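Input: a single structure, listed below in structure tokens.
Readers should treat all values here as calculations from the given coordinates under stated rules, not as data from a laboratory. For clarity, every value in this text was computed on a predicted model and none was experimentally measured. Heads up, the Cβs are rebuilt from the backbone with ideal geometry, glycines too, and the neighbour counts pull from every protein chain shown.
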Amino acid sequence: MSASSKSNAVTLVECPRDSWQGLTRFIPTGEKVAYLRQLVEAGFTPIDFGSFVSLKAVPQMKDTEEVWAGIRDTAGKFIAIIANERGLERALTADVPAVAYPFSISETFQQNNAGATIAESWSVLQTLQRRSSAARIELDVHLSMGFGNPYNEPWSVALVADAVSRIRELGVQSVMLADTIGCATPAQIGEVFAACPGTGAHFHASPAKWRANVEAALAAGCARVDSALGGIGGCPFAQDELVGNVPTEGVRELLGMPTDKTVLAEAHRLYRDYH
């Protein structure tokens, strides 16, 4: 498959929310808004822009409603993370068009990240799907720890495939397989995506690993890739060190697509100023 045909078959989602959530200093709302508008003007869409989650757990995202008010008039498609029904209520009140719920097949991580057990979270997801469907907003699921976990808890391709199947049975069609701690290998990725057709990739990976992992996902029919300019960020709830995100500019190069250098420079500037 050529780079052009690959780019037409894959949705690229830019994730500044993932870049920002672990930064120690608060990025002023106006700077977030200006950067997000710049992304839209440069053709980056959809965009994972914020989180309707606990302000204590993720203080960087405390202004998500204000950020949304500053970008909602743009032509971009935007997605916000939610962790429970309270988060969905905030998203519905703000009239955000799409939300994503992190659901982990690791018991420890689900409790750390969402404050609920896996058993409890199935019920939460069912409610989120029912309410989002009634409100006609899109609901994605990020299947966290989709390639293993650091807690010595069970993991297998079958466990991932069963979770994806159950999620879709609830009516959620958009599922992202998340390598939350950057542990996946290309061979493993190929096997998992073959067992879970139509899913997307939300990988965290070191600079040395991301390319082979993304290539393996694309070769296996991955439908969507989440990434962040500069490869900045990661999940602050997974382990002590942020692994890093897949760099958007690298994915776009793989697909034969240019990257606006101005927005790339601004992504790095925000990191330098607020890390």
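Some points to look at:
- Sorted ascending by nearby beta carbons within 10 Å, beginning with the fewest, 275, 204, 268 become 275, 268, 204.
- Partners of residue 77 within straight-line reach, counting lysines whose Cα lies under 22 Å from its Cα and excluding those fewer than 8 residues away in the same chain: 6, 32, 62, 261.
- For the chain, size of Cβ-based charge dipole, Lys and Arg +1, Asp and Glu -1, in debye: 280
- Inter-probe distance in nm under a simple model that places probes 7 Å from Cα toward Cβ, at residue 72 and residue 194: 4.6
- Against the empirical 2.2 N^0.38 Å (N residues), the chain has a Cα radius of gyration ratio of 0.92.
- Among 226, 63, the ranking by other beta carbons within 10 Å of each residue's beta carbon, starting with the fewest, stands as 63, 226.
- GNM flexibility winner over the chain from 30, 146, 182 (Cα, springs under 10 Å): 30
- Shape of the stretch 45-119, Cα gyration tensor, a/c cut at 1.5: prolate
- In order along the stretch 88-94, the phi-based Karplus estimate (6.51 cos²θ - 1.76 cosθ + 1.60, θ = phi - 60°) of 3J(HN,Hα) comes to 5, 4, 5, 5, 5, 4, 7 Hz; Gly and Pro are listed as x.
- Cut-off under 5 Å, modelled amide H: who pairs with residue 174 long-range: 141
- Karplus (6.51, -1.76, 1.60) ³J(HN,Hα), θ = phi - 60°, over the stretch 153-160, in Hz, Gly and Pro reported as x: 8, x, 8, 7, 4, 4, 5, 5
- Look at 210, 122 and count the other Cβ atoms within 10 Å of each Cβ; fewest to most, that gives 122, 210.
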